[in-house]
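Engineer: Got a structure here, written out as structure tokens. Questions coming.
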Amino acid sequence: MNGVHDMGGMHGFGPVEPEANEPVFHAPWEGRVLALRRAASAWRRWNIDAGRHSIERLPPADYLRMSYYEKWFASSIRLLLDAGLITPQELATGRRDPTSPIATPPLTADKVPVAIAAGGPTLRQISAQPRFAAGAAVRARDINPTGHTRLPRYVRGRQGVIECHHGAHVFPDSNSRFEGENPQYLYTVRFAARELWGDSAHASDSVHLDLWEDYLDAA
């Protein structure tokens, strides 16, 4: 979707400032937010793409002012409410709603190492053959979806070259809407910097993006 989160190629946000010896968490509450998100996700009321979309749905002013884990916390509240795992009363009071049923959490402490090791693989087997081969010229489709997409605005309508494919993976656009995984081939596409940014870009620079087949047309 065309929101403030799609910052690729935008000016005005200042340089990226790497932090020397950056800690995993800057404050204990950030670790708790990560744990909360992992534990809540184990209920399987949403998927990773719906989770990403919940961050994109934050009000623009909030998205721009919030830190990384503040965004996670706000989106987790939205997901929990939408899934019916908490009630507005519980959110407002911090106490369990006595009318809500008590359920056993699916992710207990002893299961955490196994869950982390398993991850969330998205590779799938499909019978279709890849539409594009390495070296093929492609053009990113010029689309403006209102829902979640992994196709950034700054490459839409731009021409690139297929570097390789990574097999078929869950398609995030449909998965985020709970319309099915729709697995399809995922390609690494190389875009020349001048194709994206014009003659002011360095001639030898390029950007590599992993893009799904539905995002691409033959050039």
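The values are calculated or read from the model by the stated rules, or taken from the named source; none is laboratory data. Everything quoted here is computed from the prediction, not taken from an experiment. Here the Cβ is made from the backbone with ideal geometry for all residues, glycine too, and neighbour counts use every protein chain on show. Side chains included, ligands, DNA and RNA excluded: accessible areas come from the protein's heavy atoms. Shrake-Rupley method; radii C 1.70, N 1.55, O 1.52, S 1.80 Å.
Engineer: Treat each spin label as a single point 7 Å out from the Cα along the C-beta direction, and report the VAL24 to ILE102 distance in nm.
Structural biologist: Placing both labels 7 Å along Cα→Cβ, they lie 3.2 nm apart.
Engineer: Order the peptides 21-27, 122-128, 211-217, 76-82 from the highest to the lowest mean number of other Cβ atoms within 10 Å of their residues.
Structural biologist: 211-217, 76-82, 122-128, 21-27
Engineer: Further question on the same structure: If we count every other residue with Cβ under 12 angstrom of ARG158's Cβ, Lys/Arg +1 and Asp/Glu -1, where does the sum land?
Structural biologist: Net charge around ARG158: +3.
Engineer: Find which of VAL112, PRO88, ILE162 sits farthest along the positive direction of the dipole of the range 53-166, computed with +1 on the beta-carbon of Lys and Arg, -1 on that of Asp and Glu, about the Cα centre.
Structural biologist: ILE162
Engineer: Next up: Using +1 on the beta carbon of Lys and Arg, -1 on that of Asp and Glu, and nothing else charged, what's the dipole of the range 116-194 about the Cα centre, debye to 20?
Structural biologist: Result for the range 116-194 is approximately 360 debye, rounded to the nearest 20.
Engineer: Using the Karplus curve 6.51 cos²θ - 1.76 cosθ + 1.60 with θ = phi - 60°, work out ³J(HN,Hα) for each residue of the range 200-209 in order, rounded to whole Hz, and write x for Gly and Pro.
Structural biologist: 6, 6, 6, 5, 9, 7, 7, 10, 10, 10
Engineer: Shifting gears a bit: What are the DSSP H helices in the chain that stretch 18 Å or more along their long axis, judged by alpha-carbon atoms, and whose average Kyte-Doolittle hydropathy comes to at least -0.5?
Structural biologist: 28-41, 68-82
Engineer: Let me ask another. Calculate the dipole size of the range 171-219 relative to its Cα centre from +1 charges on Lys and Arg beta carbons and -1 charges on Asp and Glu beta carbons; express the result in debye to the nearest 20.
Structural biologist: The dipole magnitude comes to about 160 debye.
Engineer: Moving on. GNM, the chain, Cα, under 10 Å: largest mean-square fluctuation among PRO88, PRO172, PRO152?
Structural biologist: Most flexible of the set in this elastic network: PRO88.
Engineer: Please compute the contact order of the range 79-219 in relative form: average sequence separation of alpha-carbon pairs under 8 Å and at least six residues apart, divided by the residue count, as a percent.
Structural biologist: 20 percent
Engineer: Of the accessible area of the range 18-100, with the probe set at 1.4 angstrom, what percent is carbon plus sulfur?
Structural biologist: Carbon with sulfur: 56 percent of the solvent-accessible area.
Engineer: Can I ask one more? Given a 1.4 Å probe, how much area per residue of the range 62-219 is accessible, in Å²?
Structural biologist: With the other protein chains kept in place, the range 62-219 gives 59 Å² per residue.
Engineer: Tell me what the chain gives for mean residue ellipticity at 222 nm when only DSSP H runs of n ≥ 4 count, each as -39,500 (n - 2.57), the sum divided by the residue total, rounded to 500 deg cm²/dmol.
Structural biologist: For the chain, the value works out to -8000 deg cm²/dmol.
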